[in-house]
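Report on the structure given below.
We did not get these values from a lab; they are worked out from the coordinates using the rules stated. All of these numbers come straight from a predicted model, not from anything done at the bench. Here the Cβ positions follow ideal geometry from the backbone for every residue, glycine too, while neighbour counts run over all protein chains shown.
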């Protein structure tokens, strides 16, 4: 993977809940999908993935930060003092999703996928 989850910040706060990712290799963030889920009673990650968010296509560079807020907003970017860029994305949800100690975030890299419509 070319990005990694750095931390979850202000979970449970409707205005500030966000997941911060660090770019470890130049890539297109559009190859990544994020879901929330929880841990099972035996401490494993549940296969019940909720609230999927697929990042839009956008080139990001090593050292950049990708910040995904769970609230509604307009995607944007800003250049940091060190020359890296912080990219801000918005999940568009009406409420927080990381509000329990048992919750977790799953990051999935998906470079190969197909789609088939019902009619075709």
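Out of the range 78-120, which residues are in a strand (DSSP E or B), surrounded by 14 or more Cβ atoms within 10 Å (Cβ to Cβ) and out of contact with any helix residue (DSSP H, G or I) (no Cβ under 9 Å at 6 or more places or on another chain)? It would help to see each step written out before you state the result.
Step one: of the range 78-120, the residues in a strand (DSSP E or B) are 78-79, 85-90, 103-109.
Still in the running and surrounded by 14 or more Cβ atoms within 10 Å (Cβ to Cβ): 85-90, 103-107.
Across the range 78-120, the qualifying residues are 85, 86, 88, 90, 103, 104, 105, 106, 107.
Taking the range 14-29, which residues are within 13 Å of residue 73 (Cα to Cα) and surrounded by 15 or more Cβ atoms within 10 Å (Cβ to Cβ)? Before you say what the answer is, go through the steps one by one.
The first filter runs over the range 14-29 and keeps only residues within 13 Å of residue 73 (Cα to Cα), leaving 14-18.
Selection gives 17, 18.
Which condition from (1) in a strand (DSSP E or B); (2) under 15 Å from the mean Cα position of the chain (by Cα) is the one that residue 38 breaks?
Condition not satisfied by residue 38: (2).
Just to be sure, is residue 103 in contact (Cβ under 8 Å) with a residue 60 or more places away in the chain and touching a strand residue (DSSP E or B) at 6+ places or on another chain (Cβ under 7 Å)?
On the way: in contact (Cβ under 8 Å) with a residue 60 or more places away in the chain: yes; touching a strand residue (DSSP E or B) at 6+ places or on another chain (Cβ under 7 Å): yes.
Judged against the criteria, residue 103 is a match.
Restricting to the range 6-35, what's the tally of residues that are more than 15 Å from residue 111 (Cβ to Cβ) and in a loop (DSSP other than H, G, I, E, B)? Please lay out each step first, then the result.
The first filter runs over the range 6-35 and keeps only residues more than 15 Å from residue 111 (Cβ to Cβ), leaving 6-24, 34-35.
Next, from what is left, pick out any that are in a loop (DSSP other than H, G, I, E, B): 10-17, 24.
Of the residues in the range 6-35, 9 are more than 15 Å from residue 111 (Cβ to Cβ) and in a loop (DSSP other than H, G, I, E, B).
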